[in-house]
Amino acid sequence: MVIWNIARATFKECTQKKVMWILLGVALLIIGLSFIFSFFAPSERLVLIKSMGLGAIYLFGAGIALIVTAGLIPTEIERRTVHTVLSKPVERWQFVIGKFLGIALVLFMNLILMGIALLIVIMGQGSVRAEGFVKALVSNARILEATLLLFFYLLILSAFAILFSILTTTNISIMLSLFVFVVGSLSDYVESLINVSQNPLTQIFLKALHLLVPNFGNANIYNPVIHGYIPPGEFLYLLLAIAYALSYSLILTSISCWAFAGKEV
Amino acid sequence: MKRRLWLIIVFLLVILLQLKVDTYRENYKPGGTTSFGYISREVLATALMGLREVAASLLWLKIEDYFHSGEHEKITPLIRIITWLDPHFIEAYSSGAWHLAWNSEDWRLIPSAEEFLKEGIKNNPDKYELYADMGWLFYDKVKDYEKAIEWYKKAASLPSPPLVKRMLAHSYERAGRIEEAIKIWKELVEEGNKLVERNPNNFEAIFDRDVAVHNYNMCIIRKVDRAALAKKPKTYYLTYQVYRVSPRILQVRARTNLPELSRIRVSLVDADIERRKKESLGWQLMNVTEYRDVWPQVKGGEMKTDIDLTDALKYPLKGESFILALSFLPQTQPIPVQDYVGWLGEGMTGKDVIVVHTSPPGKKMEKSTTLTLEEILGQQTLLLKEVK
Amino acid sequence: MEAIKTEGLTKHFYEPLRRQTVIAVDNLDLVVEKGEIFGFLGPNGAGKTTTIKMLLGLIFPTSGRAWVLGNPIGDRKTRQKVSYMPENPYFYDYMTGEEVLYFYGGLFGLKGPSLKKKVDELLELVDLSEHRKKQLNGYSRGMLQRIGIAQTLLNDPELLILDEPTSGLDPIAHREIRELLIRLKEQGKTIFLCSHQLSDVEMVCDRVGIMNKGKLVTVGRLEDLLKVGEMEIAVEGLDPSQVEQVEKIASRIYKKDGDFLVYAEGEEKAQEVIDFVRNNGGRIISMVPLRRSLEELFVEIVKEEG
Ligand SMILES: Nc1ncnc2c1ncn2[C@@H]1O[C@H](COP(=O)(O)OP(=O)(O)O)[C@@H](O)[C@H]1O
Ligand SMILES: [Mg+2]
């Protein structure tokens, strides 16, 4: 109840932020700019549209998550609005969870909007509609599947941004979270380096890195989605990947709650 | 304390989940390994940040540039990177293999083309395209029709256009397995008829059906005609002389009674080519010399062709001795020639004719001689060898 | 049970940049009884806000203990019965006036029609009904202060903690808030009023505590604090020799057209003066115990402390 109240207010606050709409607007623009690929063959063009679109959603989704999240709690403290909230019968952890849920709503809205925009652009391609509208819609709806999976991984990113913003400041939080995001996005490459490397120490280091750092790369299921085929065991993969994202977010949010409980505001 | 326990438990869960996730990750990762030699930093960054397929497409544009500017040596590594970034970019495998096998005009690269297609097939086992490409590699380039049959069979078992099955039938014809070819043409005729019946205005289906009917008829006719050849085979001979025109340029002059327009295969390779190939890892074939020419034609009882080895990159001539061979392979001959010698040389006999296999009966002509490095590199023009 | 009680409450702030520790609140022992309006006074930087933040659990004491409505500080359920208006309140400016009240009401666990009724009532009370649909970033300073007051009344609190509620308000608004405070006191609520606007406190508070540099300097009933113990006695009909004798008893004397203003220190001295005047045929015209203004007291204390 209290949590839901704070979540709703947070959602409202974020949707009033110009920077979020600007980022979303640029992302939608990139998604919509598919006609620049008109010099490619239709099948190739489709791959590019999907790939560019999903890439834009990945990057701009992360950008929105970072910029919107990192400022939330510091702003509350700076403007002292947090005093009016925490002096009411609200636990510190409820405040943190409420903020987190609010952000989740914001991210969900953004991702769904971007995902649907991309779907519309794809459905606008003549070569896609040729196979029949409903069939094309069903097969391309996996864009939304990829977008939804990304949603869970952006939760990790937001959880990081919240934690860092409680421990440091907005700007430091953005930088640290960005760093984590970049390293975590390379998880596939880190994993391949383990096999390439000869030195056992390096291997152990890389493996530890791979297991400790949040693997944002897990959200990258774009290749099969782009080429429209379903790898074996995808459903299980999605469940595992989502469970991973939620557990990781749980850890971070727990730490955030404890850190915030001990913070003087 | 409780907190720490809670964190440890959830974190263990996270690690377990990631380990499990990793077992599925193969399906989504870039394919295989590669080096980043030719990739610009921007493209690499694009790729790393989740825009792998965009990066692949951008690089694909670059291939075009290299192709037009003639920087062929840059194309193959670039294609490797593209397929690494986007292992489902079928066209990249297709073009890459084509580039290796045909465009580079370097016979040493054919195994690489084959490996490359195999990798593509591994990544895209459900698409017919690369199986068909593999079939075409063996049908058209290597002219190993049994292998072509193998691959076209796999391609045809997947959803694919009628052309694939037609190529399978042609491969059977070339391999001399005429009954199997006829069976497929018959199937194609029946399938075509069904399609045309369903829609009499489907011109594509009508065309496909008519092609099948024509080929079916031709097969039946040739089956009878060529069976007759085996009853009274003709004696054929092939002799030749090898001249050195200038250093690294040889000339072969052959005399034969083979039918007009017969194609004679000319090859000049390291005497120990197999060992050399094994020793050259991957793409480095610096020590292998492999010259092959499948085009020389018989005109007026003669065949004359130059062996130009001046390209020292392609023909490094690192060994001490080389084997020059001329061969006549009945399967690879144009149809009018086959009408004289049969699919597999059934109509051939004589001391120059070798039996390759007996079931189905296969014959060929092949005569080789050894040349030393000095013979190839020498200065004056002279007759090096006479092969009777 | 006291509304607020602190025992040795202390707060140190470490300032890493200046490498020094600020003692914002130093060993504070304070009791606020239920039902009273307690004025918590002190110049800027005295440690008032810091004390309040500790009482509300926003920051944590370095040492000492405190209870609010009988429960140790930091207890969530207690805050259900407490309300707080921060100094220079700033609310979520993307919300409208009524949204912000709905939001805070939700935090108190109110919902549905009862919340709506409460919000309507309070908007009416603080005279913001017309502006209820306007976003707070369009509110004036005074309107924000009024919304701040309204949100303290959402939960029908037992204890109100108001940090500088009248700062930045015009005189009319001052009066309105004063009247509101008196009404609330009549309803039996305890008010902890923190201010450096002495006029407010002077008119409404039962007791005051004065802080300076983190220490509670005085605390007590306002009347008691302001009493100086000097009596001003206006006298007439005494001849100059008698006046000289009076002067020996009194602390000082003013002469004015044959009348005298005699100041006597303490009740005994005053009685002596009165007896002397009566016995010698003089007349007492008036007798007034002298009081300091709060202002005077305040300045005195702050000066004393240096
Ligand atoms: N967060 C803080 N960090 C460091 N010093 C602080 C902090 N908050 C208050 N102080 C210091 O504590 C003292 C008391 O401040 P405060 O309680 O705000 O005074 P008041 O409300 O009486 O004006 C001041 O010297 C102030 O500078
Ligand atoms: Mg203050």
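Result for chain A in a Gaussian network model with C-alpha springs under 10 Å: among A:Ala219, A:Ala65, A:Ala41, the largest mean-square fluctuation is at A:Ala41.
Run the accessible area of the protein assembly as shown with a 1.4 Å probe and give the carbon-and-sulfur part as a rounded percent.
Roughly 58 percent, rounded to a whole number.
Legend: translational diffusion of segment A:177-257 by Stokes-Einstein, Rh = Kirkwood radius over C-alpha pairs, 37 °C, 0.692 mPa s; D = 231 µm²/s. Can you compute the label reach from B:Tyr237? Point 7 Å from Cα along the Cβ direction, backbone N cut-off under 15 Å, restricted to segment B:333-353. It comes to B:349-353, nothing else.
Under 17 Å from the 7 Å Cα→Cβ point of B:Gln380, by amide nitrogen: which residues of segment B:227-259? Inside the label zone: B:243-248.
Viscosity 0.692 mPa s, temperature 37 °C: Stokes-Einstein D of segment B:234-387 from its Kirkwood Cα radius, in µm² per second? All intermediate terms of the calculation are to be shown ahead of the outcome.
Numbers: Rh = 16.4 Å.
Taking Rh from Cα pairs, D becomes 200 µm²/s.
Quick check: the angle from helix B:145-156's long axis to the longest principal axis of chain B, C-alpha only, nearest 10 degrees? Approximately 40 degrees, to the nearest 10.
Annotation: amide H of C:Ala66 within the under-5 Å range of C:Glu7, C:Ile73, sequence separation 5 or more or interchain, hydrogens built in the peptide plane. Given a 10 angstrom Cα cut-off, can you work out which residue in C:Asn279, C:Asn137, C:Asn44 is the most mobile in a GNM of chain C? Of the options given, C:Asn279 has the highest mean-square fluctuation.
Distances over 41 Å make up what percent of all Cα-Cα pairs in chain B? So the pairs more than 41 Å apart make up 30 percent of the total in chain B.
With the biggest extent put first, the Cα atoms of segment A:2-261 measure 61, 50, 30 Å across the principal axes. Between B:Ser267, B:Pro233, A:Phe37, the Cα set farthest toward the positive side of the dipole of the protein assembly as shown (charges on each charged residue's Cβ, about the Cα centre) is that of B:Pro233. In chain C, Cα pairs under 8 Å separated by at least six residues give a relative contact order of 19 percent. Ordering C:Tyr90, C:Gly57, C:Ile4 by Cα displacement along the dipole of segment C:1-114 toward the positive end leaves C:Gly57 in first place; charges were set at the Cβ atoms of Lys, Arg (+1) and Asp, Glu (-1). For the set A:Lys99/C:Lys185; B:Lys141/B:Lys385; B:Lys147/B:Lys278; B:Lys278/B:Lys388; A:Lys12/C:Lys116; A:Lys88/A:Lys263, the pairs lying more than 25 angstrom apart at their alpha carbons are A:Lys99/C:Lys185; B:Lys141/B:Lys385; B:Lys278/B:Lys388. Derived value for segment A:108-202: Kirkwood hydrodynamic radius 16.4 Å. Basis is the mean of 1/r over every pair of different alpha-carbon atoms. Placing pseudo-labels 7 Å out from each Cα toward the beta carbon at A:Ala259 and B:Ser359 gives an inter-label distance of 7.8 nm.
Across q = 0.12, 0.13, 0.21 Å⁻¹, segment C:94-216 modelled as identical point scatterers on its alpha-carbon atoms has Debye log10 I(q)/I(0) values of -0.48, -0.56, -1.26, in the order of the q list. Across segment B:356-364, rounded Karplus estimates of 3J(HN,Hα) from the backbone phi angles (6.51 cos²θ - 1.76 cosθ + 1.60, θ = phi - 60°) give 8, 8, 9, 9, x, x, x, 9, 7 Hz, Gly and Pro being marked x. Dipole orientation for segment B:177-232: of the candidates B:Met218, B:Asn201, B:Ile184, B:Met218 has the Cα lying most toward the positive pole (charges on Cβ; Lys, Arg +1; Asp, Glu -1).
Each residue, C:Lys133 and C:Val22, gets one label point 7 Å from its Cα in the Cβ direction; the gap between the two is 4.5 nm. Rounded to the nearest 20 debye, the dipole size of chain C about its Cα centre is 1540 debye, using +1 on the Cβ of Lys and Arg and -1 on the Cβ of Asp and Glu.
The calculated FRET efficiency for the pair C:Ser114 and A:Ile116, based on their C-beta separation and a Förster distance of 35 Å, comes to about 0.30.
Across all Cα atoms of segment B:2-162, the radius of gyration (one decimal) and Dmax (whole number) stand at 20.0, 73 Å. Three principal axis extents of segment C:228-291 based on alpha-carbon atoms, in descending order, are 29, 21, 18 Å.
Computed over segment C:179-287, the convex hull of the alpha-carbon atoms projects to a mean area of 10.2 nm². The trypsin sites (Lys or Arg not before Pro) of segment C:35-125 meeting both criteria, a DSSP state outside H, G, I, E and B (loop) and at most 14 other C-beta atoms within 10 angstrom of the site's C-beta, are C:Lys111. Distance between the pseudo-spin-label points of B:Asp311 and A:Val183 (7 Å out from Cα toward the beta carbon): 5.0 nm.
Relative contact order for chain A: what percent, with Cα pairs under 8 Å and sequence separation of 6 or more?
Relative contact order for chain A comes out at 26 percent.
Amide H to amide H distances under 5 Å link B:Val245 with B:Leu250, B:Gln251, where only residues 5 or more positions off or on other chains count and H is placed in the peptide plane.
Amide H contacts for C:Leu28 (H built 1.01 Å from N in the peptide plane; partners 5 or more residues away or on another chain; cut-off under 5 Å): C:Gly8, C:Leu9, C:Thr10.
What does the charge dipole of segment C:228-291 about its Cα centre add up to, to the nearest 20 debye, if the Cβ of each Lys and Arg holds +1 and the Cβ of each Asp and Glu holds -1?
The calculated dipole for segment C:228-291 is roughly 100 debye.
Taking only the C-alpha atoms of the protein assembly as shown, the Rg (one decimal) and the largest Cα-Cα distance, Dmax (whole number), read 47.6, 176 Å.
Counting only DSSP beta bridges with both residues in chain C, tell me the antiparallel percent, nearest 5.
Bridges in chain C that DSSP calls antiparallel: roughly 70 percent.
Solvent-accessible surface of protein heavy atoms, probed at 1.4 angstrom with all chains present, puts B:Thr358, A:Thr169, A:Thr147 in the order B:Thr358, A:Thr169, A:Thr147, largest first.
The values are calculated or read from the model by the stated rules, or taken from the named source; none is laboratory data. What you see is a predicted model, and the numbers here were worked out from it, not measured in a lab. Virtual Cβ from ideal backbone geometry, glycine too; neighbours counted across all protein chains shown. Quick note on the areas: whole protein, heavy atoms, side chains included, nothing else; ligands and nucleic acids left out. Shrake-Rupley method; radii C 1.70, N 1.55, O 1.52, S 1.80 Å.
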